[in-house]
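Peer 1: Got a structure for you, questions after.
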Amino acid sequence: MIIHGNRFTLRPDADAAQIEEALESLRNQGRVIPSVKSFVVGRDFGGEYEWGATFMIEDLQGYWEYLVHPAHRNTDQVGLPLVDKFASFDITDDPDPEMGAKIAALHQRRYDSDATLTQLVSDLGEYKGSAAPGAHGER
């Protein structure tokens, strides 16, 4: 099992309607992407971020389905322009010592095939973690 998570802080100029659209798009990912087994979207307490989302996914094949699903792409388009700081993480009970590199490779494959997404990510004030472009999640 893989839990993919995002933590983020929004730009000060993001308005309430835009924020709700982005959060609803994250919730929609959990509802409509078949490989998502469960999800949580909400406030992030106890750290430097305002919001967070986690998605439980069974395996790497499901993770790829999650990454390229149109619902996820919609969240990128409506949400990333509102984000100032973003961090992604993955937690897994899979004993494969290469799992982190395999997850990072899926993200890199997605960036390599989508220049618009890569630009959206490049425009963020800060982006780190498993989904960040570059070698093994570092940018």
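The values are calculated or read from the model by the stated rules, or taken from the named source; none is laboratory data. Since we're looking at a predicted model, the values are computed, not measured. Neighbour counts run over all protein chains shown; Cβ positions are idealised from the backbone, glycine included.
Peer 1: Examine the range 74-90 for a residue that is assigned to a helix (DSSP H, G or I), in contact with a strand residue (DSSP E or B) (Cβ under 6 Å, 6 or more places away or on another chain) and either at pLDDT 95 or above or of a type outside the set (S, T, Y) (or both), and state whether such a residue exists.
Peer 2: Looking only at the range 74-90, we keep the residues that are assigned to a helix (DSSP H, G or I), and these are 74-82.
Narrowing the set further to residues that are in contact with a strand residue (DSSP E or B) (Cβ under 6 Å, 6 or more places away or on another chain) leaves 82.
Add one more test, that the residue is either at pLDDT 95 or above or of a type outside the set (S, T, Y) (or both), and what stays is 82.
Yes, the range 74-90 contains a residue that is assigned to a helix (DSSP H, G or I), in contact with a strand residue (DSSP E or B) (Cβ under 6 Å, 6 or more places away or on another chain) and either at pLDDT 95 or above or of a type outside the set (S, T, Y) (or both).
Peer 1: Can S25 be described as more than 23 Å from L124 (Cα to Cα), crowded, with 17+ Cβ neighbours inside 10 Å and in contact with a Gly (Cβ under 7 Å, 6 or more places away or on another chain)? Give the derivation first.
Peer 2: Working: more than 23 Å from L124 (Cα to Cα): no; crowded, with 17+ Cβ neighbours inside 10 Å: yes; in contact with a Gly (Cβ under 7 Å, 6 or more places away or on another chain): yes.
For S25, the condition - more than 23 Å from L124 (Cα to Cα), crowded, with 17+ Cβ neighbours inside 10 Å and in contact with a Gly (Cβ under 7 Å, 6 or more places away or on another chain) - is not met.
Peer 1: Another question about this same structure. Going through the range 29-38 one residue at a time, which ones are surrounded by fewer than 16 Cβ atoms within 10 Å (Cβ to Cβ) and either among the β-branched types (V, I, T) or within 15 Å of N6 (Cα to Cα) (or both)?
Peer 2: Step one: list which residues in the range 29-38 are surrounded by fewer than 16 Cβ atoms within 10 Å (Cβ to Cβ), which gives 31-32, 34, 37-38.
The answer is V32, S38.
Peer 1: Taking the condition of being without any contact (Cβ under 8 Å) to a residue 12 or more places away in the chain and under 16 Å from the mean Cα position of the chain (by Cα), how many residues in the range 12-30 meet it?
Peer 2: So the count comes out to 1.
Peer 1: On the basis of being more than 16 Å from V36 (Cβ to Cβ), part of a helix (DSSP H, G or I) and touching a Gly at 6+ places or on another chain (Cβ under 7 Å), does A104 make the cut? Step through it out loud before you land on a result.
Peer 2: Values: more than 16 Å from V36 (Cβ to Cβ): yes; part of a helix (DSSP H, G or I): yes; touching a Gly at 6+ places or on another chain (Cβ under 7 Å): yes.
So A104 fits the description; yes.
Peer 1: Looking at R27, R7, R31, which is the one that is among the basic types (K, R), assigned to a strand (DSSP E or B) and out of contact with any Cys (no Cβ under 9 Å at 6 or more places or on another chain)? Full working, then the answer.
Peer 2: Details: R27 fails: assigned to a strand (DSSP E or B); R31 fails: assigned to a strand (DSSP E or B).
Answer to the check: R7.
Peer 1: Can S122 be described as over 14 Å from the mean Cα position of the chain (by Cα) and not acidic (D, E)? Spell out the reasoning first.
Peer 2: Working: over 14 Å from the mean Cα position of the chain (by Cα): yes; not acidic (D, E): yes.
Answer is yes for this residue.
Peer 1: Go over the candidates I91, I57, I2 one by one and state the one that is within 18 Å of A131 (Cα to Cα), in contact (Cβ under 8 Å) with a residue 60 or more places away in the chain and either aromatic (F, W, Y) or in contact with a helix residue (DSSP H, G or I) (Cβ under 7 Å, 6 or more places away or on another chain) (or both).
Peer 2: Values: I91 fails: either aromatic (F, W, Y) or in contact with a helix residue (DSSP H, G or I) (Cβ under 7 Å, 6 or more places away or on another chain) (or both); I57 fails: in contact (Cβ under 8 Å) with a residue 60 or more places away in the chain.
Residue meeting the stated conditions: I2.
Yes/no matrix, rows are residues, columns are (1) surrounded by fewer than 14 Cβ atoms within 10 Å (Cβ to Cβ); (2) at pLDDT below 95; (3) among the charged types (D, E, K, R); (4) in contact with an Asp or Glu (Cβ under 6 Å, 6 or more places away or on another chain):
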| site | (1), (2), (3), (4) |
| --- | --- |
| Y49 | no, no, no, no |
| T54 | no, no, no, no |
| E65 | no, no, yes, no |
| D114 | no, yes, yes, no |
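Peer 1: Being surrounded by fewer than 19 Cβ atoms within 10 Å (Cβ to Cβ) and either farther than 18 Å from I3 by Cβ or of a type outside the set (S, T, N, Q) (or both) is true for just one of V41, V78. Which residue is that? Don't jump to the end; show me each part of the working.
Peer 2: Values: V41 fails: surrounded by fewer than 19 Cβ atoms within 10 Å (Cβ to Cβ).
Exactly one of V41, V78 is surrounded by fewer than 19 Cβ atoms within 10 Å (Cβ to Cβ) and either farther than 18 Å from I3 by Cβ or of a type outside the set (S, T, N, Q) (or both), namely V78.
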